[in-house]
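Undergrad: Please see the structure below; I have some questions.
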Amino acid sequence: MSAALAFSLPRELEAAEPPEARGLERDAVRLMVARRGDGRIEHASFRDLPGFLRAGDVVIVNTSATVRAAIGARLEGGSRVRVHVSHPWLENRWVVELRAADGAAPYPSARAGLRLALDGDATLRLVAPTASGRRLWVADADRDLGAHIARHGTPIHYGYVAEPLALDAYQTAYALQPGSAEMPSAGRPFTPELITRLVAGGVLVAPVVLHTGVSSPERREAPFPERYEVPPPTARLVNDVHAAGGRVIAVGTTVVRALETVAGDDGAVAPGAGWTNLIVTAERGLRAVDGLITGWHEPEASHLRLLEAAAGEHLLRRCYREALAQGYLWHEFGDSQLVLS
């Protein structure tokens, strides 16, 4: 597929609130299971996940915790905007995105030298656009911006979510290390009870960390460099599971990006940490990952190219047609998909 999958997403399929607000447990969202080997598609509930995995498989989760990364600000002329804080850069220097006050769209007039008065009386000054373009900017803060937004900010949310939600709504059951500007949402349907059932059935669970940056979903951009860590015990376990004939199931594109960053051509995984700029495509393929749990991605989103690497073009198109026809819900509070090789 030379370009990302294109389709029209009806507004009624955008999940505007967590499943709990719709009267569902986290693990009661829908799950589509697609097998690349025979092209079969099944419909289930996320809590049925243990029935699709085998003893000896390993589920790799991203234990990055979501932080408050959005904060209101006022421009020098008095206009209100919203600042999305992607990640730290250097001491008191951060990478940020400016958006309209309601967060609905990027702010179009960002420029070097622009000063912003953040809610809570902090000051931010744009220094220069990042090397990737003019959406993200390097900015100087007059104090520890991370501590400031933790106190005065809110979780990032986009237009399909009507009101800001509490930070707990954006955390997975296994979130440990704060650092993600946006929730690694593929893991949201997991509950402690579901994880216990997986382990009781002989499925292993192991962690990696990948701190997500801001996504600006309307831009259809490839992911920017992000911080990751694949610890030595996880690297060893992935290799041992493969040697024993088991499967490595990644929970989310963030886990795929972390594991594939440290995977050799033969699929062997080494421990590693730092920044990754890897973009996984069908042309590159997957080396360490045999299955993927994910949500439903925006039309033409770059993540669809990674999904093509997991599912293949034909099966991926069938899955998205089926999801649209069957009324699956999109975004971080929506339904899920399991792709198996």
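Every number in this text was worked out from the coordinates using simple rules, so none of it is lab data. The structure presented is a predicted model; accordingly, all values stated were derived computationally and were not measured. Here Cβ is always computed from backbone atoms with ideal geometry, including for glycine, and neighbour counts include all displayed protein chains.
Undergrad: Would you calculate, for the chain, the mean residue ellipticity at 222 nm contributed by helices, counting each DSSP H stretch of 4 or more residues as -39,500 (n - 2.57) and dividing by all residues, to the nearest 500?
TA: The helix-only estimate for the chain comes to -5500 deg cm²/dmol at 222 nm.
Undergrad: While we're looking at this one, here's another question. Kindly list the residues of segment 138-165 that lie in the label zone of ALA105, defined by a backbone N under 12 Å from the point 7 Å along the Cα-to-C-beta vector.
TA: The answer is none, because no backbone nitrogen lies closer than 12 Å to the label point.
Undergrad: Taking only the alpha-carbon atoms of segment 1-134, what semi-axes of the equivalent ellipsoid follow from 5 times the gyration tensor eigenvalues under a square root, in whole Å, largest first?
TA: On the way: eigenvalues 325, 68, 65 Å².
Sorted largest first and rounded, they come to 40, 18, 18 Å.
Undergrad: Have a look at TRP275, VAL59, LEU24 and report the one farthest towards the positive end of the charge dipole of the chain, computed about the Cα centre with Cβ charges (Lys/Arg +1, Asp/Glu -1).
TA: Most positive-ward Cα: TRP275.
Undergrad: Give the dimensionless ratio obtained when the Cα radius of gyration of segment 70-152 is divided by 2.2 N^0.38 Å. The partial results should precede the final answer.
TA: On the way: Rg = 11.3 Å, N = 83, 2.2 N^0.38 = 11.8 Å.
Ratio of Cα Rg to 2.2 N^0.38 Å: 0.96.
Undergrad: May I have the extent of the alpha carbons of the chain along their three principal axes, as whole Å values ordered from largest to smallest?
TA: 60, 42, 40
Undergrad: What are the residues whose amide H is under 5 Å from the amide H of GLY272, where those residues sit 5 or more places off or on another chain and H is modelled from the backbone?
TA: Amide H neighbours of GLY272, under 5 Å, 5+ apart: VAL230.
Undergrad: Residue-wise, which Karplus ³J(HN,Hα) couplings in Hz belong to segment 240-255, taking 6.51 cos²θ - 1.76 cosθ + 1.60, θ = phi - 60°, and x for glycine or proline?
TA: For segment 240-255, the Karplus-derived couplings read 5, 4, 4, 5, 8, x, x, 10, 9, 10, 8, 8, x, 5, 5, 5 Hz, x marking Gly and Pro.
Undergrad: For the chain, build the charge dipole from Cβ charges (+1 Lys, Arg; -1 Asp, Glu) around the Cα centre, then report which of GLN171, ILE195, GLY252 sits farthest towards its positive end.
TA: The Cα lying farthest towards the positive end belongs to GLY252.
Undergrad: Given points 7 Å out from each Cα along the Cα-Cβ axis, report the ALA270 to ALA44 separation in nanometres with one decimal.
TA: The answer from the label model is 3.6 nm.
Undergrad: Can you bin every Cα-Cα distance in segment 194-254 into 5 Å intervals starting at zero and give me the percent of pairs per bin, rounded to whole numbers?
TA: Result returned by the calculation: 4, 13, 19, 20, 16, 10, 11, 5, 1.
Undergrad: For the charge dipole of the chain, defined by +1 on Lys and Arg C-beta atoms and -1 on Asp and Glu C-beta atoms about the Cα centroid, which residue among VAL209, HIS84, VAL238 has the Cα displaced farthest towards the positive pole?
TA: Result: HIS84.
Undergrad: Placing +1 at every Lys and Arg Cβ and -1 at every Asp and Glu Cβ, with all other atoms neutral, what dipole size does segment 90-225 have around its Cα centre, in debye to the nearest 20? Write down the numbers at each step before the final one.
TA: Values: 13 positive and 14 negative charges, 80 e Å.
Value, rounded to 20: 380 debye.
Undergrad: Also, I was wondering about something else. Sum up the charges of everything whose Cβ sits under 13 Å from the Cβ of GLY146, counting Lys and Arg as +1 and Asp and Glu as -1, but leave GLY146 out.
TA: Values: positive: ARG68, ARG93, ARG143, ARG151; negative: GLU91, ASP144.
With Lys, Arg at +1 and Asp, Glu at -1, the neighbours total +2.
Undergrad: Same structure again: If you count, for each residue, the other Cβ atoms within 10 Å and average over each peptide, how do 157-170, 326-339 line up from highest to lowest?
TA: Details: 157-170: 15.6, 326-339: 21.4.
Result, highest mean first: 326-339, 157-170.
Undergrad: Still on this model: Taking the Cα centre of segment 33-131 as origin and charging only Cβ (+1 Lys, Arg; -1 Asp, Glu), how large is the dipole, in debye to the nearest 20? If you can, show how the numbers build up before the last one.
TA: Working: 14 positive and 10 negative charges, 34 e Å.
Using only the charged Cβ atoms, the result is roughly 160 debye.
Undergrad: May I ask for the percentage of alpha-carbon pairs in segment 218-310 that lie more than 15 Å from each other? Show your work: numbers first, answer last.
TA: On the way: 2512 of 4278 pairs.
Tail of P(r) above 15 Å: 59 percent of Cα pairs.
Undergrad: Counting other C-beta atoms within 10 Å, which of ASP140, ASP240 has the fewest, and how do the rest follow?
TA: Numbers: ASP140 17, ASP240 13.
Listing ASP140, ASP240 from fewest to most nearby Cβ atoms yields ASP240, ASP140.
Undergrad: Show me, for segment 115-120, the HN-Hα J-couplings you get by feeding each phi into the Karplus relation (A = 6.51, B = -1.76, C = 1.60, θ = phi - 60°), rounded to Hz, glycine and proline as x.
TA: 9, 10, 9, 7, 3, x
Undergrad: Please give the Cα centre distance for segment 136-199 versus segment 106-126, rounded to the nearest Å.
TA: When both Cα centres are located, 23 Å separates them.
Undergrad: Please rank SER8, SER109, SER79, fewest neighbouring Cβ atoms within 10 Å first, as an exposure proxy.
TA: Values: SER8 6, SER109 9, SER79 12.
Ranking SER8, SER109, SER79 by Cβ neighbours within 10 Å, fewest first, gives SER8, SER109, SER79.
Undergrad: Along the three principal axes, how long is segment 1-43 when you take its alpha carbons, biggest first, rounded to the nearest angstrom?
TA: Between the extreme Cα coordinates on each principal axis of segment 1-43 lie 37, 25, 12 Å.
Undergrad: Once you charge only the Cβ atoms, +1 for Lys and Arg and -1 for Asp and Glu, what is the size of the charge dipole of the chain about its Cα centre, to the nearest 20 debye?
TA: 400 debye
Undergrad: Taking θ as phi - 60°, what are the ³J(HN,Hα) couplings along segment 305-310 by the Karplus curve (6.51, -1.76, 1.60), each to the nearest whole Hz, with x for Gly and Pro?
TA: These are the phi-based 3J(HN,Hα) values: 5, 5, 5, 5, 4, 7 Hz.
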